[in-house]
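Take a look at the structure below.
FYI, it's all coordinate maths here, none of it is from the lab. A quick note: this is a predicted structure, and the numbers were derived from the prediction, not measured. Cβ placement follows ideal geometry from the backbone for every residue including glycine, while neighbour counts extend to all protein chains displayed.
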Amino acid sequence: MDGVPCKRKIPESAKKWTEVQKRTWLHEEIAAFLDLFLFAENTQTISELHEGMSYMEHGRLYGYTCRVDGCNEVFMLHPMRVKHECSQHSFISPDLLTNDERDNEGYYKCRDVNCFLLYKTKASRNRHERKTHDNIPEQSSSVSGEPQEQVVEDYKYNYHVARLFYGLLMVNTHDSIREGDAARLMDCMKMSLLFFKKFKKHKYAYTVLLFLCKVFAILSEREAFHLCWNRFFNGKGGKGKNIPLDLKMEFYNHMLKSCLRMLGGNINAKSAQRVARCLTMMQKVLDSVDCDVRLVNKSGAHKLVEAQQAVSQIVNDLVEGNVFSFQRGREGYTAFPNFERDILKGLDYRDFFSWSRDLIKTWYAMYE
Ligand SMILES: [Zn+2]
Ligand SMILES: [Zn+2]
């Protein structure tokens, strides 16, 4: 903890700097650190997803133009275009020749080398293969035959970069709630949607996508604004002291339950309703009594000493392990031997596109 950086040194003149100068310098250092470790090689999946989605959306909206120079024929469906390109121009698009089971548009390719038919589902592709071709293996043989790649990864480094990425997303989410910054929270939610999809948290992914659709498409501008911004509560006043409105509701639920218990044998729908209606007022009365007797609310936050110990422990581990210097071929932790640096890697834009398209279609019918 007492060490000083040896690579990006703290300038000598720093002692004479004003607070603002110090802050600016620190922010610049952090930006450089994040650019190097997070954004240099870690955002490939996100940009792939972004490009892939707009590519597929474009096809759905404007049709599919023949990809041979000089021919501008447009087709309603992508397989029709491919058929035309093969038969009329003998042109084979590069994505049909890869080992990937699907082409760029997400269609399943027939695995016969001379057949370039495309199918929407795996099952229909397999049916076609069984009917038309005799000697196609049931399992795709894309992996075998390729030479074994040498280990060029540093799995320990990967783990910490991925963890930093995820941790910062969490911190950003919490901080945007505390600041009551709905616009930033929205960005965090968009990012979380990718995480939910990647790690197969289907219900969460569904809820977040529906929320985004409501905000951007289903609700009126006024309602959408309320849905976004009316989700924080500040009981104590002051900057950065907001809590989620849901949590406030939970506090009320907790209070209601203890009041209902006190009713004992007198509990019925009418008395329960009465208690529920006076909760806000009761809270105010209780607060004012607390204030009068100068009762200090116990804070749920951790004590500073504990936090300091934890932080210094973490810093020591990170420095000793030299985790942020890339060492080719370094083994990972035993619990996570092959950790990907890009935590979202494997999230396929074609799956994401068809999943979101299908849901939007369903909601369109429901909310029209
Ligand atoms: Zn053509
Ligand atoms: Zn075929």
Among SER13, SER87, SER325, the residue with the largest mean-square fluctuation in a Gaussian network model of the chain built from Cα contacts under 10 Å is SER13
Between the range 158-187 and the range 6-80, what is the separation of their alpha carbon centroids in Å? 18
Report, to one decimal in Å, the Kirkwood hydrodynamic radius for the range 227-310 based on all distinct Cα pairs. 15.7
Write down, largest first, the equivalent ellipsoid semi-axes of the range 1-130 in whole Å, where each equals the square root of 5 times an eigenvalue of the alpha-carbon gyration tensor. 54, 18, 12
In Å, what Kirkwood hydrodynamic radius results for the range 219-368 from the alpha-carbon pair distances? 22.6
Taking 1 over the mean of 1/r across every pair of different Cα atoms in the chain, what Kirkwood radius in Å do you get? 26.9
For LYS248, LYS200, LYS156, ascending order of other Cβ atoms within 10 Å (fewest first) is LYS200, LYS248, LYS156
Cβ-based exposure ranking for LEU286, LEU34, in which fewest neighbours within 10 Å come first: LEU286, LEU34
Rg to Rh quotient for the range 172-284, alpha carbon positions, Kirkwood Rh: 1.09
What lysines sit close enough to LYS190 to cross-link, taking a C-alpha to C-alpha distance under 19 Å and skipping anything fewer than 8 places away on the same chain? LYS198, LYS200, LYS201, LYS203, LYS214, LYS345
With 10 angstrom as the radius, rank LEU279, LEU61, LEU344 by how many other C-beta atoms surround their C-beta, starting from the fewest. LEU61, LEU279, LEU344
Straight-line reach from LYS239: which aspartates and glutamates fall under 18 Å, measuring Cα to Cα and dropping same-chain residues less than 8 apart? ASP175, GLU179, ASP181
Which of ASN242, ASN322, ASN135 fluctuates most in a GNM of the chain (C-alpha springs under 10 Å)? That residue is ASN135
